[in-house]
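The values are calculated or read from the model by the stated rules, or taken from the named source; none is laboratory data. Please read all numbers here as calculations on a predicted model, not as lab measurements. Because the Cβ atoms are built from the backbone with ideal geometry, glycine has one as well, and the counts that use them run over all protein chains shown.
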Amino acid sequence: MNADLVVVGSGFFGLTIAERAATELGLKVAVLDRRHHIGGNAYSENEEKTGIEVHRYGAHLFHTSNERVWEYVNRFTKFTNYQHKVYTSHKGEVYPMPINLGTINQFFRAAMSPSEARQLIAEQAGELAGTDPQNLNDKGIQLIGRPLYEAFIKHYTGKQWQTDPKDLPAEIISRLPVRYNYDNRYFNDAHEGLPVDGYTAWIERMADNPNIEVVLNTDFFDDGEFGRSSVLGQVPVIYTGPVDRYFDYAEGDLSWRTIDLEEEVLPIEDFQGCPVMNYPDPETAFTRIHEFRHFHPERDYTKDATVIMREFSRFAEKGDEPYYPVNTSDDRSKLLAYRDLARGEKSVLFGGRLGTYKYLDMHMAIGSALSMFDNKIKPHFTGGAKLESGGVDA
Ligand code: FAD
Ligand code: UDP
């Protein structure tokens, strides 16, 4: 092995560390991934028959208000002016999502002003007035009142998480804005867009450095040149795989949600007229349908076919891709135990979504990797500072 640093996982967290270490410090970096490609869950490819770019692990929308991250990502790709907008199909009627004045007025068959709608929702959320809800159920009712919660959130969340919303943390629902105007943009961030020539071109440019060696189809826990037993103690390791896997599940399995995506190519130009349609009713097994052509209206895609993906959600079993941390109170106590174990590991830093057991959007993963580079990796390689994990670094 001819490397100064080994990065386990080539998602945005690992690639950002590798790119910075290789470019700014001139280090030789080996980036391992057990998959056949780099880019982690942001990986995309063009569907064979239609040439339409599909995001292989679920739709990925880039958005950030972090100026440092925005400047950094623009070194590798330009972005389109795409703005994400979602619709939701409830009891045979389509509403704008996230919940805004359009959703509220359509749902109540009304023409309320912003202040009238606020007053109505405050009345409907009255049962939780003055409380500080910590779980998704109560937080949801407090935000939008019980009728809207039961129509658009309760069953969707149930299908997505298969966990009682009372056992889910409130912050999951706090990600969704609620607006008392007709703005139905999904995100509030200052910058938003999709990579002009696709995610994979962006990702490949990050790894395009003679100091970076990409080692695919290689699991850190297998034997071999880049396996754990060969690498640990030889060079520092940045580990972005699941934290419980690293410690051989010593403190128990953390629970994850995975998704199954059913792809279909249809011989029509447009299936649903928008990129994402949610299905919040319990009778429909899938949670949403993605139609990928709509992510790039600026591209000259075929008019003879379209690609859709139905998204189903379930608990991850061993062997499934762990996608979203479920983060019940039981998980949180296991995570504290894993953080203690991580603190004891010499010259191994844990990062990224899987390594910290935190839901991280792409800009958050990139931002936290830039911080880890500044605060730990650079001081270690330039000034000899000890490479110590604060437990699990987010
Ligand atoms: P990952 O992308 O998960 O990369 C980790 C890599 O480590 C993987 O490639 C994996 O194969 C590899 N690995 C794991 N274990 C090992 C091992 N033992 N040996 C070798 N390699 C290993 N973010 C947004 O900003 N917008 C979105 O719209 C969005 N949508 C998402 C939808 C889904 C379904 C999911 C799951 C995530 C979404 N995200 C979105 C989050 C985004 O994917 C992550 O923020 C980003 O990928 C973070 O990257 P990461 O490097 O932490 O992890
Ligand atoms: N959510 C919902 N109904 C919707 C959209 C979202 O109940 O139509 C809830 C659900 O609990 C989800 C959370 O809001 O997990 C956050 O939504 P987001 O779209 O950010 O979820 P993701 O894209 O990460 O799956």
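Which members of region 1-51 meet the condition of being of a type in the set (Val, Ile, Thr) and buried (at least 22 other Cβ atoms within 10 Å of the Cβ)?
VAL6, VAL7, VAL8, THR16, ILE17, VAL29, VAL31, ILE38
Listed residues GLY130, GLY145; which is surrounded by fewer than 20 Cβ atoms within 10 Å (Cβ to Cβ) and either assigned to a helix (DSSP H, G or I) or modelled with pLDDT under 90 (or both)?
The unique qualifying residue is GLY130.
Show me the strands (runs of 3 or more DSSP E) entirely contained within region 276-394 in which 3 or more residues are in contact (Cβ under 8 Å) with a residue 40 or more places away in the chain and either buried (at least 18 other Cβ atoms within 10 Å of the Cβ) or more than 13 Å from ligand 1 (Cβ to nearest atom) (or both).
In region 276-394, the matching strands (runs of 3 or more DSSP E) lie at 276-278, 306-315, 348-350.
With the requirement that a residue be polar (S, T, N, Q), under 22 Å from THR77 (Cα atoms) and at pLDDT below 95, what does region 174-220 give you?
The answer is ASN188, and nothing else.
Would you confirm, using the coordinates I've provided, whether GLY51 is part of a loop (DSSP other than H, G, I, E, B) and either without any contact (Cβ under 8 Å) to a residue 40 or more places away in the chain or within 20 Å of LYS376 (Cβ to Cβ) (or both)?
no
Name the single residue, out of those in region 170-211 being of a type in the set (A, V, I, L, M) and within 15 Å of ligand 1 (Cβ to nearest atom), that is surrounded by the fewest Cβ atoms within 10 Å (Cβ to Cβ).
ALA190
PHE152: modelled with pLDDT of 95 or more and not in a loop (DSSP other than H, G, I, E, B), yes or no? Explain how you work it out, then say what you get.
Details: modelled with pLDDT of 95 or more: yes; not in a loop (DSSP other than H, G, I, E, B): yes.
The answer is yes for PHE152.
If you take the residues in region 6-33 that are in a loop (DSSP other than H, G, I, E, B), touching a strand residue (DSSP E or B) at 6+ places or on another chain (Cβ under 9 Å) and within 7 Å of ligand 1 (Cβ to nearest atom), which one is nearest to THR77 (Cα to Cα)?
SER10
I need the full set of residues from region 59-103 which are touching a Phe, Trp or Tyr at 6+ places or on another chain (Cβ under 6 Å), small (Gly, Ala, Ser) and outside any strand (DSSP E or B), in order please.
GLY102 - this is the single residue of region 59-103 that is touching a Phe, Trp or Tyr at 6+ places or on another chain (Cβ under 6 Å), small (Gly, Ala, Ser) and outside any strand (DSSP E or B).
Do the conditions hold for ILE172, that is, is it under 18 Å from the mean Cα position of the chain (by Cα), within 16 Å of ligand 2 (Cβ to nearest atom) and of a type in the set (Val, Ile, Thr)?
yes
Would you mind finding the one in GLY40, GLY11, GLY26 that is within 16 Å of ligand 2 (Cβ to nearest atom) and on the phi > 0 side of the Ramachandran plot?
Working: GLY11 fails: on the phi > 0 side of the Ramachandran plot; GLY26 fails: within 16 Å of ligand 2 (Cβ to nearest atom).
Sole residue among the options that is within 16 Å of ligand 2 (Cβ to nearest atom) and on the phi > 0 side of the Ramachandran plot: GLY40.
Can we say ASP244 is under 30 Å from VAL8 (Cα atoms) and touching a residue at least 60 places away in the same chain (Cβ under 8 Å)?
It is true that ASP244 is under 30 Å from VAL8 (Cα atoms) and touching a residue at least 60 places away in the same chain (Cβ under 8 Å).
Applying the selection to region 155-191, what residues are touching a helix residue (DSSP H, G or I) at 6+ places or on another chain (Cβ under 6 Å) and assigned to a helix (DSSP H, G or I)?
Matches in region 155-191: THR157, PRO165, LYS166, ILE172, ILE173.
I want to confirm something. Restricting to region 38-48 and keeping residues that are over 16 Å from the mean Cα position of the chain (by Cα) and part of a strand (DSSP E or B), which single residue is farthest from ARG299 (Cα to Cα)?
Only one residue fits best here, namely GLU45.
Select from region 220-241 the residues that are of a type in the set (Phe, Trp, Tyr), touching a residue at least 60 places away in the same chain (Cβ under 8 Å) and touching a Gly at 6+ places or on another chain (Cβ under 9 Å) and write down the one among them that is nearest to ASP4 (Cα to Cα).
TYR239
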